[in-house]
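Remarks on the structure that follows.
Only the coordinates and a few stated rules stand behind these numbers; no lab work does. Remember, predicted model here, so these are calculated numbers, not experimental data. Here Cβ is always computed from backbone atoms with ideal geometry, including for glycine, and neighbour counts include all displayed protein chains.
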Amino acid sequence: MVNRVRAGGGPGLLGKARVAAVMYAAFSLSLSAGMVLAAESSGAFEGHTDIGNVNKSGSLEFDAAGGTYMVAGGGANMWFTNDACHYVWKRVSGDLAMAANIHWPGTGGNAHRKACLLIRQTLDPDSPYVDAAVHGDGLTSLQARETAGDLTHEIQSNVSGPARVRIEKRGDYVSMSIAPAGGSLRPAGGSFRVQFKDPFYIGLAVCAHDHSALEKAIFSDVQITVPPAVVAGKPTIECTLETIALDSKDRRVVYHTRDLIEAPNWSRDGQSFLFNSQGHIYQLPVVGGQPQLLDTGFAVHCNNDHGISPDGKYLAISDSSETKKSLVYVLPITGGTPRRLTPLGPSYWHGWSPDGKTLAYCAERNGEFDVYTTSVEGGEEKRLTTASGLDDGPEYSSDGNFIYFNSERSGLMQIWRMKPDGTAQEQVTSDDYNNWFAHPSPNGKAIVFLSYPKEVKGHPENKDVMLRWMQIGSGEIQTLAKFFGGQGTINVPSWSPDSRKLAFFSYQTAYP
């Protein structure tokens with residue numbers, strides 16, 4: 001049996017608003033982990049409607065026997081500050097997940113047309129939302145508008161055209177999972193932090209991406225469930241290497257794993273990333289693939305303070321294999337035996353002067369953490385900061401005129417800078433966040449840094465953080481992304497050589 005209901009229709013054969021209300025109440029009270037909602041004339045949903053300005057009205061055809069939803073939608077786009085689409089919806093509360101197989105039955109059409117699993121705060125066109133969108137050309141993205149009327153941003157998956165997609169809300173975080181035909185769902189990587197107030201909407205949406213067209217997508221095996229609870233004990237963490245474009249703030253997944261990986265460096269030629277994991281350094285092509293182990297000789301306890309020389313020929317690492325305290329070494333970028341530079345530990349590398357002759361690092365001496373420099377050839381170290389409290393994360397500006405660093409001398413951790421000899425120390429940021437690890441861009445125009453809430457001490461892992469940036473000299477700070485991260489996210493220089501993108505690690509709790 002196929003039920004055809006035009007735009008604006010209610011719950012079909014169920015008919016009456018009071019029945020829909022009863023269904024919603026039952027859903028809110030009795031939905032349990034793994035339970036799939038029952039289907040009627042509109043299946044698991046209460047209603048459907050056009051969202052925003054559409055030239056052609058959408059529709060829903062529900063096949064109860066096959067459990068499929070054919071959704072037709074018009075609209076020019078779901079993007080920027082408002083949306084135009086057809087939405088099959090249900091009001092819900094709390095944490096939940098929705099999964100479906102998604103198929104475009106026809107050929108042609110706009111390559112950017114979207115079939116979505118969609119969470120919305122309201123049915124208004126400018127509503128906050130997060131969706132898992134499968135485009136006509138196979139591009140699959142997690143897309144979000146954080147607040148009403150705000151711009152939409154996305155996290156592009158590194159997998160095209162999955163057969164099955166799931167969107168999952170836990171607290172303020174929404175993530176996406178994907179699966180090939182016949183395969184199991186796995187996290188796509190990355191998440192958005194969006195606050196939805198109960199009740200909100202969840203459902204299926206189609207946008208033609210063409211104001212004069214009407215496109216159809218088929219959603220089958222639709223399941224709405226409550227996600228399983230967190231397993232007791234220390235949770236497993238999933239790690240995602242992402243890039244973000246400075247102009248659009250859009251993100252792309254490069255690599256996702258349950259192995260702990262930290263601190264991405266972007267190679268000087270723009271072709272690969274370096275990062276550390278379990279004491280080793282790995283290399284990964286920018287286009288993705290599988291990480292390859294870099295030979296670091298005896299140094300098998302590398303931490304997340306490492307970076308590439310200005311000429312791209314050498315790698316500085318921080319490793320504790322020799323003395324059980326972190327020391328700074330240099331080795332060829334292709335691998336080899338490390339050469340020790342710092343006689344004392346702990347010492348943590350953070351910056352390389354533009355001429356390649358000097359390294360800057362944070363070190364603890366006599367109970368105080370301060371900024372030091374030393375020659376790349378080795379020799380006596382020079383102390384640049386003497387203020388009480390932690391001074392950390394020194395990195396040279398591209399012209400070599402300044403060293404940026406973070407210091408807690410003014411109370412909260414803030415970004416500072418000084419001349420390369422340690423003189424003229426001045427505060428760069430002053431706000432209600434703890435700001436860590438300032439990284440000047442290769443073109444000398446901007447810095448990016450990691451921000452924690454003011455109540456967070458140090459730079460721990462697995463916290464709500466923000467990646468923020470500012471044009472040098474402007475004083476205006478902009479937020480690039482909000483996510484779950486911290487230690488390992490962006491401890492080291494990670495700009496693309498053209499200063500247009502950044503690499504960083506985001507993290508998520510892994511669930512059964």
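Derived value for region 100-156: Kirkwood hydrodynamic radius 12.1 Å. Basis is the mean of 1/r over every pair of different alpha-carbon atoms. Here's the list of aspartates and glutamates a cross-link from K313 could span, going by alpha-carbon distance under 20 Å and ignoring same-chain residues fewer than 8 apart: D269, D295, D305, D355, E377, E395, D399, D498. The alpha-carbon atoms of region 157-264 define a convex hull whose volume equals 179 cubic angstrom per residue.
Hydrodynamic analysis of region 87-238 uses the Kirkwood radius over alpha carbon pairs. Inserted into Stokes-Einstein at 37 °C and 0.692 mPa s, it gives a translational diffusion coefficient of 209 µm²/s. Legend note: in the chain, cysteines whose Cβ sits 4.7 Å or more from every other cysteine Cβ are C116, C239, C302, C362. Extension gain for H280 to N443 (0.36 nm times residue separation, less C-alpha to C-alpha distance): 55.7 nm. For the residue pairs K382/K463; K234/K501; K249/K463; K216/K482, the C-alpha atoms sit more than 27 angstrom apart in K382/K463; K234/K501; K216/K482.
State whether region 208-340 is rounded, prolate or oblate according to the following rule on the C-alpha gyration tensor (a ≥ b ≥ c being the square roots of its eigenvalues): a/c under 1.5 gives rounded; otherwise a/b larger than b/c gives prolate, and the remaining case gives oblate. Oblate shape, in that a/c is at least 1.5 and b/c is the bigger or equal ratio.
Per-residue packing, averaged as other Cβ atoms within 10 Å, sorts the ranges 75-86, 270-281 into the order 75-86, 270-281, beginning with the highest. Cβ crowding within 10 Å, taken as a proxy for footprinting-reagent exposure, orders D50, D150 from fewest neighbours to most as D150, D50. In a DSSP loop and with at most 13 other Cβ atoms within 10 Å, the GluC sites (Glu not before Pro) in region 328-433 are E377, E380. Listed values for region 402-418 are Karplus-derived 3J(HN,Hα) couplings in whole Hz (6.51 cos²θ - 1.76 cosθ + 1.60, θ = phi - 60°), namely 9, 10, 8, 7, 10, 9, 9, 4, 9, x, 6, 5, 9, 8, 10, 8, 8, and x replaces Gly and Pro.
Note on V287/T509: beta-carbon distance plugged into 1/(1 + (r/R0)^6) with R0 of 22 Å gives a FRET efficiency of 0.20. Give, as a single signed number, the net charge of other residues whose beta carbon lies under 9 Å from the beta carbon of A97, with Lys and Arg counted +1 and Asp and Glu -1. Net of charged neighbours comes to +1. Counting only residues at least eight positions apart within a chain, or on another chain, the aspartates and glutamates with an alpha carbon under 16 Å from that of K457 are D391, D392, E408, D431, D432.
Taking amide H as placed 1.01 Å from N in the peptide plane, the amide H of W79 sits under 5 Å from that of A84, each at least 5 places away or on another chain.
Expressed in nm², what is the orientationally averaged projection area of the convex hull enclosing the Cα positions of the chain? Each step should come with its number before you reach the end.
Numbers: hull surface 98.6 nm².
The Cα convex hull of the chain, projected and averaged over all directions, gives 24.6 nm².
A P(r) calculated from all alpha carbon pairs of region 266-410, with 5 Å bins opening at zero, reads 2, 10, 20, 23, 20, 14, 8, 3, 1, 0 percent.
Per 0.36 nm of contour for each residue apart, how much would the distance between T323 and D198 grow if the chain were fully extended, relative to their Cα-Cα spacing?
On the way: separation 125, 0.36 × 125 = 45.00 nm, distance 5.44 nm.
Gain on stretching T323 to D198: 39.6 nm.
For region 374-473, the alpha-carbon coordinates run over 40, 31, 24 Å along the three principal axes, in decreasing order.
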